[in-house]
1. Within the range 93-117, restricting attention to residues that are outside any loop (DSSP other than H, G, I, E, B) and of a type in the set (V, I, T), which residue is modelled with the lowest pLDDT?
2. Under 17 Å from the mean Cα position of the chain (by Cα), under 14 Å from I81 (Cβ atoms) and surrounded by 12 or more Cβ atoms within 10 Å (Cβ to Cβ): is that true of V56 in this structure?
3. Quickly run through the range 95-116 and pick out the residues that are surrounded by fewer than 18 Cβ atoms within 10 Å (Cβ to Cβ) and of a type in the set (G, A, S).
4. Among what's in the range 130-146 and is hydrophobic (A, V, I, L, M, F, W, C) and buried (at least 17 other Cβ atoms within 10 Å of the Cβ), pick the residue that is nearest to S25 (Cα to Cα).
5. Could you look through the range 76-92, keep only residues that are at pLDDT 95 or above and assigned to a loop (DSSP other than H, G, I, E, B), and pick out the one that is farthest from R53 (Cα to Cα)?
6. Just name the residue that is nearest to the chain's Cα centre (by Cα) out of those in the range 74-88 that are over 18 Å from D23 (Cα atoms) and surrounded by 11 or more Cβ atoms within 10 Å (Cβ to Cβ).
7. Of the conditions (1) crowded, with 18+ Cβ neighbours inside 10 Å; (2) closer than 22 Å to E102 by Cβ; (3) touching a Leu at 6+ places or on another chain (Cβ under 8 Å), K26 satisfies every one except a single condition; which number is it?
8. Could you please let me know if I46 is buried (at least 17 other Cβ atoms within 10 Å of the Cβ) and touching a helix residue (DSSP H, G or I) at 6+ places or on another chain (Cβ under 8 Å)?
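The values are calculated or read from the model by the stated rules, or taken from the named source; none is laboratory data. As the structure is a prediction and not an experimental result, all values here were calculated from the model. Counting neighbours? That spans all protein chains shown, and the Cβs are built from the backbone with ideal geometry, glycine included.
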Amino acid sequence: MEEILETCQYLSFTLGGELFALDISKVREVLDYTKITKVPRMPDFILGVINLRGSVVPVVDMRLKFDMAKGDKTVNTCIVIVEVLLEGETIALGALVDAVQEVFDIEPSQIEPPPRIGTKLKTEFIKGMGKKDEQFVIILNIDRIFSMEELSLTGAVDNEVS
């Protein structure tokens, strides 16, 4: 687990009733749910792509990526555009979440290492467990959630070897 040494700001969001958070420096913007163009032969968790000001951005259903049940779209469903660092390259990605909550600060002393057992998520995705208003927050390391292999399927990553 990487150590978190300074107070950071996080964007919190919900998935299936659980509270998650991402380092705000990885978040480019939050979009209302928009039409997603399906792309054939993608992994189940990749819903397709959206056009973001002329760029093709793959959209991932975070519930499916985390082996949760597929959720219903609501007025709160949104797409968080994140920047993922993979093999030295920054890639824009849309993360479909149930609802965005807020941006909040958390002290490093309030963050504990992820549990070793009892979680459905692979713990390499998790930076740590924080607490916000007496509720646990799973702090994600967005760079470790996706592999280059998965993202090269979307066409968002140029997978030619030079």
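1. Step by step, filter the range 93-117, then rank; the result is I106.
2. no
3. A99, S109
4. Step by step, filter the range 130-146, then rank; the result is I142.
5. N76
6. To start, the set of residues in the range 74-88 that are over 18 Å from D23 (Cα atoms) comprises 74-77, 87-88.
Narrowing further to those that are surrounded by 11 or more Cβ atoms within 10 Å (Cβ to Cβ): 76-77.
Numbers: N76: 16, T77: 14 Å.
Per the stated criteria, the residue is T77.
7. (3)
8. Numbers: buried (at least 17 other Cβ atoms within 10 Å of the Cβ): yes; touching a helix residue (DSSP H, G or I) at 6+ places or on another chain (Cβ under 8 Å): yes.
Here the answer is yes, as I46 does meet what is asked.
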